[in-house]
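**Q** Below you will find the structure I want to go over with you.
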Amino acid sequence: MSLLEIKDLTVRFGGVVAVNRFSTNIEQGIVHSLIGPNGAGKTTVFNAITRVVRPDQGNIIFDGHNLNGLRPFQVISHGISRTFQNLEIFKLMTVGENMLVGHHREFKTRVMNETLRTKNVKEQETAAWTRVLEVAEMLEIKNRLNTYAGMLPYGLQKRVELARALMCEPKLMLIDEPAAGLNTTETIELKKLIHMFTRKLGITVLLVEHDMSLVMDISDEITVMNFGHKIAEGTAKEIKNDPKVIEAYLGESKYA
Ligand SMILES: Nc1ncnc2c1ncn2[C@@H]1O[C@H](COP(=O)(O)OP(=O)(O)OP(=O)(O)O)[C@@H](O)[C@H]1O
Ligand SMILES: [Mg+2]
């Protein structure tokens, strides 16, 4: 069953057609990668799914719900979380505080409750911290919870962003270039984490990545974009041997 259906999506920025009548289906429980040259439209697809940009045309259906018309925070409450191409964590907050930001889906308090710090608020805070500890344990960052995120090495900062995206127990995670800037050991660790997300936690992963050995290794399905269009779709084996993909992208990538 498709968890996410993107139908005929078009996004324009002035004269630039960043995404051009793009359609694909993301099946539940798999790692589906979106690849293509710089400027192909991959991040714009993520931005359209999370409603950060408003599509000019097309529909995005997630778990039976049309996302058109939703605000970004409502997309999160439907079960979609993301990480960003340019790491977006709060460097002057601790790791634990960064993670709490990702938990806001669960907070259902009123201003008055907050002011009076009712039992309800305290219970929710306890639940949030329980989740922080659970996710930190899984991602092996429990001993860093009180460290300012900006003090961590870059690889760990990226891990904090993944941790934050896990906090709301998403059904779908959109992960934009998680391997960028990581060394070989960190990339191997990343691969294990993504496997855990899908296999252990049952999360569907939509991955944008330029590290082709990671993509080919980890993906159940790959969609290739070029100039906003979908030019190919299939398994790693099919994609690797597709002349259109070799010409548009693989020929110039690290994988060649
Ligand atoms: N907010 C924006 N305003 C104007 N143009 C934009 C905006 N966002 C993206 N674009 C343009 O849309 C096109 C697609 O950009 P996008 O960031 O989606 O590419 P990408 O496939 O993610 O590339 P990369 O691999 O370099 O991250 C590019 O031409 C880009 O310059
Ligand atoms: Mg991008």
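**Q** Net charge within 13 Å of Phe13 by Cβ-Cβ distance, Lys/Arg positive one each and Asp/Glu negative one each, not counting Phe13 itself? The partial results should precede the final answer.
**A** Numbers: positive: Arg12, Arg54; negative: Asp56.
Net charge in that neighbourhood comes out at +1.
**Q** On to the next question. Counting only complete DSSP H runs, which helices of the chain cover 15 Å or more along their long axis at the Cα atoms and score a mean Kyte-Doolittle of 1.0 or above?
**A** On the way: long enough: 119-138 (29 Å, -0.59); 154-166 (18 Å, -0.18); 184-195 (17 Å, -0.29).
The answer is none, since no helix passes both cut-offs.
**Q** How large, in Å, is region 119-254 by the Kirkwood hydrodynamic radius built from its alpha-carbon pairs? Write out the running numbers ahead of the final one.
**A** Numbers: mean 1/r = 0.0596 Å⁻¹.
Across region 119-254, the inverse of the average 1/r is 16.8 Å.
**Q** Would you mind giving the three semi-axes, in whole Å and largest first, of the ellipsoid equivalent to the chain according to its Cα gyration tensor?
**A** Values: eigenvalues 208, 98, 48 Å².
The three semi-axes for the chain are 32, 22, 15 Å.
**Q** Using alpha-carbon pairs under 8 Å, 6+ residues apart, how would you state the relative contact order of the chain in percent? Walk me through the intermediate numbers first.
**A** Values: 458 pairs, mean separation 70.2, N = 256.
Relative contact order of the chain: 27 percent.
**Q** Using the per-residue mean of other Cβ atoms lying within 10 Å as a proxy for protection, in what order, highest first, do the peptides 241-250, 28-37 fall? Write out the running numbers ahead of the final one.
**A** Numbers: 241-250: 17.1, 28-37: 21.0.
Packing order, densest peptide first, comes out as 28-37, 241-250.
Every number here is computed from the coordinates shown, using simple stated rules; none is lab data. Small disclaimer: the values here were computed from a predicted structure and weren't measured. For neighbour counting, all protein chains shown are included, and Cβ atoms are generated from backbone atoms with ideal geometry for every residue, glycine included.
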